[in-house]
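The values are calculated or read from the model by the stated rules, or taken from the named source; none is laboratory data. Worth saying up front: this structure is predicted, and the values here are computed from it rather than measured. Methodologically, a virtual Cβ is constructed for each residue, glycine included, from the backbone with ideal geometry; neighbour enumeration extends over all protein chains shown.
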Amino acid sequence: MTRRRWPLGLAALVAVLLVAAGAVVTARLVSRPSPAPIAGSAAPTGSPGPSTPTPSPASPTPPPGADLTGPLNLLLVGVDTRVSVPGWEPHADAVLVLHVPAGLGRAYLFSLPRDLVVDIPAYPKSGYPGGRTKLTHAMSYGSRVPGDKAHPSTAQGYELLRATVSRYTGLRIDAGAVITFGGFDKLVDTLGGVDLYVDQRVASIHRRPDGRYRDRAGSTYTGPQMVYEKGNRHLTGWQALDYARQRYTAGGDYTRQRHQQQLIRALARKILDQGLARDPDRVEQVVAALGRTLVYVGGGRKLVDFAYALSGVPADGFVLVGLPGGAVGSGGSYRGEQLRPVGRQFLAALRGGTADRFLAAHPSLRVKT
């Protein structure tokens, strides 16, 4: 059986598409024609008499999400689902936060390691008593439905993960999305592929050069490997997905996070450079592909509200941030990951509204593209 894991940073593609969709919403609202005069009606002439009050212009309908002025925090989750395994619980293989400061002119995207050791609060709905363990397990523990092991609840899992991330970062989570593996490669192909600078040679564990999966016996893969050589590359859907999955490279999972964020930025540029936001038909094609991968969790707000609110963020307004971390252990065994002090200080800067100043003092935290 081939086990597929959702690559970490790709969940944030939701944010990029929200921007594109929001721009289309904006264009449609702005270009909406004014109602034509009723046939046969006469235009008023002269000054209105005392018995004919001057009509006041109708108040314009506010655009969707007009009251969303920031700050906003969106939790974007990539879920490792193995639907062919009976009773398999969803795991958060990707945990990203998009922080948009007040004014909505900038956005900071950062990842939290899936193995980050955190305090997960008690969750009575699933019977979880609370504990200190890896962040990825919050989705799993929250998804449990008492008396029904065969049908875990992704919505419950998200709820516990949201509470855990909010507690760890100190940020209020306003909305989010859960994305599963299926359909991503078709989504990238719908965009016509993506152009990306591969910053180091990466050999795929999972794929052959022709895109087929390599043979697997237990934990060992065999057969020819797809190799992504350093340099400017054009990646198709399956190649982009495969490239972003690879973590057995120099730098391990933190290199994978960097590659995934670079891919997100490349996709954002592709969407904006090709004028996707001004082409409703193309947006609908992309949204249709995304619809098979996305579960939106809006906290009572509609997707279009956040799409409109984010539509003003320019492509260079998306700041990709890599938070460094390291392994922690107990008795010589690996227990998980923890953020280094500079990573925790960045979270404090976000809360205090001083992220730009902090990044200027710590430029190595910016992910290069």
Flag for LEU320 being part of a strand (DSSP E or B), in contact (Cβ under 8 Å) with a residue 24 or more places away in the chain and closer than 20 Å to LEU75 by Cα: yes
Qualifying position, being surrounded by 20 or more Cβ atoms within 10 Å (Cβ to Cβ) and in contact with a Lys or Arg (Cβ under 9 Å, 6 or more places away or on another chain), among PRO152, PRO146, PRO121: PRO152
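Counting residues that are within 20 Å of LEU171 (Cβ to Cβ), which strands (runs of 3 or more DSSP E) fully inside segment 77-158 reach at least 3? Let's see the steps before the verdict.
Working: elements: 91-100, 107-111, 117-120, 131-134.
Of the strands (runs of 3 or more DSSP E) lying wholly inside segment 77-158, those with at least 3 residues that are within 20 Å of LEU171 (Cβ to Cβ) span 91-100, 107-111, 117-120.
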Give LEU196, LEU241, LEU171 a once-over and let me know the one that is in a helix (DSSP H, G or I) and of a type in the set (A, V, I, L, M, F, W, C). LEU241
Can you tell me which residue in segment 305-317 is surrounded by the most Cβ atoms within 10 Å (Cβ to Cβ), limited to those that are under 16 Å from the mean Cα position of the chain (by Cα) and outside any loop (DSSP other than H, G, I, E, B)? PHE306
State all residues of segment 326-343 that are surrounded by fewer than 14 Cβ atoms within 10 Å (Cβ to Cβ) and not β-branched (Val, Ile, Thr); if no residue qualifies, say none. GLY326, ALA327, GLY329, SER330, GLY331, GLY332, SER333, TYR334, ARG340, PRO341
Limited to segment 319-357, what total is found for residues that are touching a Lys or Arg at 6+ places or on another chain (Cβ under 9 Å), β-branched (Val, Ile, Thr) and over 15 Å from VAL117 (Cβ atoms)? 2
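Can you pull out every residue in segment 330-346 that is of a type outside the set (A, V, I, L, M), part of a strand (DSSP E or B) and touching a strand residue (DSSP E or B) at 6+ places or on another chain (Cβ under 7 Å)?
As a first pass, look at segment 330-346 and keep what is of a type outside the set (A, V, I, L, M): 330-338, 340-341, 343-346.
Okay, now just the ones that are also part of a strand (DSSP E or B), so 330, 333-338.
Across segment 330-346, the qualifying residues are TYR334, ARG335, GLY336, GLU337, GLN338.
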What is the number of the single condition among (1) at pLDDT below 55; (2) over 18 Å from the mean Cα position of the chain (by Cα) that VAL85 does not meet? (1)
Across segment 113-161, what is the number of residues that are hydroxyl-bearing (Ser, Thr, Tyr), farther than 23 Å from GLY252 by Cβ and out of contact with any Leu (no Cβ under 9 Å at 6 or more places or on another chain)? 2
Exclusive hit being in a helix (DSSP H, G or I) and either touching a Ser or Thr at 6+ places or on another chain (Cβ under 7 Å) or modelled with pLDDT under 95 (or both), set ALA288, ALA360, ALA349, ALA327: ALA288
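Would you call GLY157 within 21 Å of ASP115 (Cβ to Cβ), among the small types (Gly, Ala, Ser) and out of contact with any strand residue (DSSP E or B) (no Cβ under 7 Å at 6 or more places or on another chain)? Lay out the reasoning, then the answer.
Working: within 21 Å of ASP115 (Cβ to Cβ): yes; among the small types (Gly, Ala, Ser): yes; out of contact with any strand residue (DSSP E or B) (no Cβ under 7 Å at 6 or more places or on another chain): yes.
Yes; evaluated as a whole, the condition is true for this residue.
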